[in-house]
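One structure below.
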Amino acid sequence: MPKVDCIVDIGANVGATTVLFANEYADARVVAFEPEPKTFQLLQKNTADFSRVEVYPHGLYDADKEATLFRDKEDSVTRSLAEGIDTKPTGDTIKLRDAGKCFRSLSIDKINILKLDTEGAERHILSSIKEMLPQILVIYIEFHNEEDRQYIDALLSPSHRLCKTIINIPHRGDVAYVAKDVLRTWPGVEDYKIVL
């Protein structure tokens, strides 16, 4: 795999994946976003020992705006921008920034690994950074409805190949895409294709 210089974790929560990235890619810049204030404090605490990790206390979207972040009925650190079957009817107001504008302000012009777990805002974020997507090596996304999954697949299929999917319940799952240019460097990868 090519050298990893920049990793972006959008919806970092308390930082489990951020810390994993920071440990695995010690020389990379790791940029994490988490809009929920108490969760953000834990993210700060958990990443404090990593000098190349930057954390920001807002969410990303395809516009600058405020939104309600609904609390989960059972999980104290899970939130969602959409009110649904798993959420309480109330929430906290958070700030969202246009992802493309935010990246430009932070001098993020190339991302090697992107992780999105934003409880429904994934499609909006990807739309905002559409021009950056073809050069991202690996993209991990949690999706929250079938229409979004289909949109994400159509958006990424010209430049990426779907490499892993985990769907535990209808409308929710995790997908991982790898850039086709990276796949071409894997010896024998085409040997796994079955054509009838």
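Lys110: which lysines have alpha carbons under 21 Å from its alpha carbon, excluding same-chain residues fewer than 8 sequence positions away?
Lys3, Lys101, Lys130, Lys180
Can you give the local net charge around Arg29? Use residues other than it whose beta-carbon is closer than 11 angstrom to its beta-carbon, Lys and Arg +1, Asp and Glu -1.
Local charge sum for Arg29: -1.
Could you check which residue among Ala32, Ala121, Ala154 shows the biggest mean-square fluctuation in a GNM of the chain with a 10 Å Cα cutoff?
Greatest mean-square fluctuation among the candidates belongs to Ala154.
Given springs between every Cα pair under 10 Å in a Gaussian network model of the chain, which of His144, His171, His58 has the largest fluctuation?
Between His144, His171, His58, it is His171 that shows the largest mean-square fluctuation.
Which semi-axes, in whole Å and largest first, does the equivalent ellipsoid of segment 143-196 have when worked out from the alpha carbon gyration tensor as the square roots of 5 times its eigenvalues?
24, 13, 10
Mean residue ellipticity at 222 nm from the helices of the chain, using -39,500 (n - 2.57) per DSSP H segment of n ≥ 4 over the full residue count, to the nearest 500 deg cm²/dmol?
The helix contribution divided over the chain gives -7000 deg cm²/dmol.
By how many degrees, between 0 and 90 and to the nearest 10, does the Cα long axis of helix 37-47 differ from the longest principal axis of the chain?
Value to nearest ten degrees: 50.
Based on alpha-carbon centroids, what's the gap between segment 172-188 and segment 138-168 in Å, whole number please?
One Cα centre to the other: 11 Å.
What's the angle, to the nearest 10 degrees (0 to 90), between helix 146-156's Cα axis and the longest principal axis of the chain?
Compared with the principal axis, the helix lies near 50 degrees.
Return the single residue from Gly173, Gly100, Gly59 with maximal mean-square fluctuation; model: Gaussian network over the chain, springs between Cα atoms under 10 Å.
Top of the fluctuation ranking is Gly173.
Rg over Rh of segment 6-192, using C-alpha atoms and the Kirkwood radius, what does it come to?
0.96
All of the numbers you see were taken from the coordinates with simple rules; none came from a lab. Since the structure is predicted, the reported quantities are computational estimates derived from the model, not experimental observations. Every residue, glycine as well, gets a Cβ built from its backbone with ideal geometry; the counts of neighbours run over all protein chains shown.
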